[in-house]
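The values are calculated or read from the model by the stated rules, or taken from the named source; none is laboratory data. Computed from a predicted model, the values in this text were never measured in an experiment. Heads up, the Cβs are rebuilt from the backbone with ideal geometry, glycines too, and the neighbour counts pull from every protein chain shown.
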Amino acid sequence: MPNFFKYPAKNFKNQDIKISINSGPVIIGEDGRFLLHISSSTGKYQFTGGRLDDSKSPKENAIFRPKEDVGLEVELIKNLNPLVISDEIERNGEKEKLVLIHYLAKLKDGFEPDLSRCSWFTLDEVKELEKNNNVSSPNILIGCKYFTQTI
């Protein structure tokens, strides 16, 4: 079962490219704060989520990943379109097209995050994390701003 991490692909010019497709939730609390966790690879805050494989849809992956990453069960907030972010990045000297698909979600009733691994942040606090280079990627602030304006 292939996963979509540096997946070999073609562009419309029939040139070889690498593409990574990832999905995950943007978890929001009832008070409007966002749940981020510390990445084991970067030591910085990020959303839960990760690369797709061909056995799951982006929505299924967004539900599965929080449980795998930090033991949380989430439900997607219905009737909202996902936020899709795309960019070309360089990873280990190799160019890669990156597609991130974010769904707004909330914790299922009865689930509490492990606050030794996760923290809740207001939008202003996320802006400070970004300013101080304490997030793993620019998609964190983009996602929090987008869903703050959407709900």
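Numbers below:
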{"read-out": "Selected residue (criterion: nearest to F147 (Cα to Cα)) from residues of segment 38-85 that are at pLDDT 95 or above and in a strand (DSSP E or B)", "value": "L83"}
{"read-out": "Residue list for segment 126-151, restricted to those being free of Cβ contacts under 8 Å to residues at least 24 places away in the same chain and either in a helix (DSSP H, G or I) or within 23 Å of V70 (Cα to Cα) (or both)", "value": "K127, E128, E130, K131, P138, L141, K145, Q149"}
{"read-out": "Residues of segment 86-142 satisfying the condition of being within 26 Å of S57 (Cβ to Cβ) and small (G, A, S)", "value": "S86, A105, G110, S136, S137"}
{"read-out": "Options G24, G43, G29, G93: the member that is in contact with a Gly (Cβ under 9 Å, 6 or more places away or on another chain) and not charged (D, E, K, R)", "value": "G24"}
{"read-out": "Residue check, I17 in contact with a Phe, Trp or Tyr (Cβ under 8 Å, 6 or more places away or on another chain) and part of a strand (DSSP E or B)", "value": "no"}
{"read-out": "Test: residue in segment 31-42 that is touching a strand residue (DSSP E or B) at 6+ places or on another chain (Cβ under 7 Å) and without any contact (Cβ under 8 Å) to a residue 60 or more places away in the chain", "value": "no"}
{"read-out": "Within segment 98-117, considering residues that are surrounded by 11 or more Cβ atoms within 10 Å (Cβ to Cβ) and modelled with pLDDT under 95, the one farthest from I140 (Cα to Cα)", "value": "F111"}
{"read-out": "Cβ pairs under 7 Å, 6+ apart, first in segment 63-83 and on the phi > 0 side of the Ramachandran plot, second assigned to a loop (DSSP other than H, G, I, E, B)", "value": "G71/D114"}
{"read-out": "Filtered residue count, segment 1-38, keeping only those that are of a type in the set (S, T, Y) and farther than 17 Å from K67 by Cβ", "value": "2"}
